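Below you'll find the structure, written out as C-alpha cells, and then a few comments.
The values are calculated or read from the model by the stated rules, or taken from the named source; none is laboratory data. Bear in mind that the values here come from a model prediction, so they are computed numbers and not experimental data. Don't worry about glycine lacking a Cβ; one is built from the backbone with ideal geometry, like all the others, and counts go over all protein chains shown.
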Amino acid sequence: MIIDAVRNNAEWCQAMCHAHGHPGTFGPRAWTNGRRTPLYYPDGVTLTEDATAADVLAGIDRTTPGASVKDSFARLDLTAEGFRLLFEASWIHRPAGLPAPAATGDWRPVRTPEELAAWALAWSGDDADEAALFRPELLADPATTIVAGYAADGRILGGAVLSRSAGVTGVSNLFATGDTDPSATWAGALATAPADRPVVGYESGDDLPPALSAGFEEIGPLRVWLGA
C-alpha cells in the first residue's frame with residue numbers, strides 16, 4: 001500500500017505543477033521537475049525503495065538555493081549533496097469500507113473559481129500570496145476534488161484536497177479554521193471520499209493523532225530534504 005500512497009502523492013504534485021504551467025516527469029524510480037516547483041511542493045520525489053540520490057537529483061534545478069526532495073521511503077542521506085533534513089512524517093492508510101465518522105457542517109466539492117479563492121484564503125489563514133498557490137486550473141483536473149465544509153452561515157469550517165489515482169484516494173492539504181476540531185475536518189473529508197477505495201496520505205507531529213483517530217494507520221516513514 002505504501003507504493004500506492006507514494007505514487008498518489010507524486011501524481012498530486014504533478015497536478016499542482018501542471019496547474020502552474022510546468023509539469024514534471026515520471027521516471028522509473030523518481031518524479032522530478034526541472035523547473036522550481038510551487039511553494040511547499042518538492043522538486044523531486046522518490047517512487048521506489050531502490051531509488052538513489054542520483055535518480056532524483058539529476059532531474060531537478062539546483063542552480064539556486066531551496067530545491068527540495070521528498071524521500072518517500074526515508075532511505076536517502078542527502079547531507080553530502082548539500083541538503084538538510086527539513087521534516088519527517090508518516091504515510092497513512094485507511095482501508096476501504098470503513099464507515100466515515102459523523103461530519104459536522106455541509107461538506108461538498110468546490111466548483112467555481114470564486115469558491116476556490118475563498119477556500120484557498122481559509123486554507124492559508126488569509127495570506128493572499130499563499131492562497132494564490134491554488135489556481136482555477138485545478139478545478140478542471142478530473143483526478144482532483146477540492147472539498148470544503150460550510151457552517152449554516154456560510155463560513156468555511158475546513159477543507160481538503162482529494163486526489164484519485166489507481167486504486168486509492170489521497171487526502172492532502174487538510175485544514176480546520178477557527179475553533180473547528182481537526183477530527184471534524186477529517187470526518188468531513190472522509191464523508192466526501194469514495195467509501196469503496198482505500199484512503200492514503202501523510203501526516204506528522206500534532207496532525208497525525210487526529211488522522212489515526214479517524215481510522216488511519218501508519219504504514220511507513222518519509223523524509224523531506226531541503227537544499228542549501
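Test ALA128 against the criterion of being over 19 Å from the mean Cα position of the chain (by Cα), at pLDDT 95 or above and among the small types (Gly, Ala, Ser), and give yes or no. Judged against the criteria, ALA128 is a match.
Within region 8-60, restricting attention to residues that are charged (D, E, K, R) and within 24 Å of ILE92 (Cβ to Cβ), the residue that is surrounded by the fewest Cβ atoms within 10 Å (Cβ to Cβ) is ASP50.
For ALA100, are the conditions met, namely being surrounded by fewer than 20 Cβ atoms within 10 Å (Cβ to Cβ) and either touching a residue at least 40 places away in the same chain (Cβ under 8 Å) or closer than 30 Å to GLY215 by Cβ (or both)? Here the answer is yes, as ALA100 does meet what is asked.
Every condition in (1) β-branched (Val, Ile, Thr); (2) within 21 Å of ALA195 (Cβ to Cβ); (3) not assigned by TED's automatic domain parsing to the domain that holds ALA193 is met by THR104 except one, and the failing one is (3). Screening region 178-215 for residues that are of a type in the set (Asp, Glu) and within 15 Å of the chain's Cα centre (by Cα) and picking the one that is farthest from GLU88 (Cα to Cα) gives ASP207. Do we have any residue at all in region 24-42 that's touching a helix residue (DSSP H, G or I) at 6+ places or on another chain (Cβ under 7 Å), part of a helix (DSSP H, G or I) and modelled with pLDDT of 95 or more? No: zero hits.
Taking region 170-218, which residues are in a strand (DSSP E or B) and crowded, with 16+ Cβ neighbours inside 10 Å? Answer for region 170-218, where residues must be in a strand (DSSP E or B) and crowded, with 16+ Cβ neighbours inside 10 Å: GLY170, VAL171, SER172, ASN173, LEU174, PHE175, ALA176, VAL199, VAL200, GLY201, TYR202, GLU203. Exactly one residue out of PRO113, PRO142, PRO109, PRO136 is more than 18 Å from GLY21 (Cα to Cα) and either of a type outside the set (Ser, Thr, Tyr) or crowded, with 16+ Cβ neighbours inside 10 Å (or both): that is PRO109.
Just to be sure before I move on: is SER72 modelled with pLDDT of 95 or more, assigned by TED's automatic domain parsing to the domain that holds ALA10, surrounded by 14 or more Cβ atoms within 10 Å (Cβ to Cβ) and under 20 Å from the mean Cα position of the chain (by Cα) in the structure I sent? Yes; evaluated as a whole, the condition is true for this residue.
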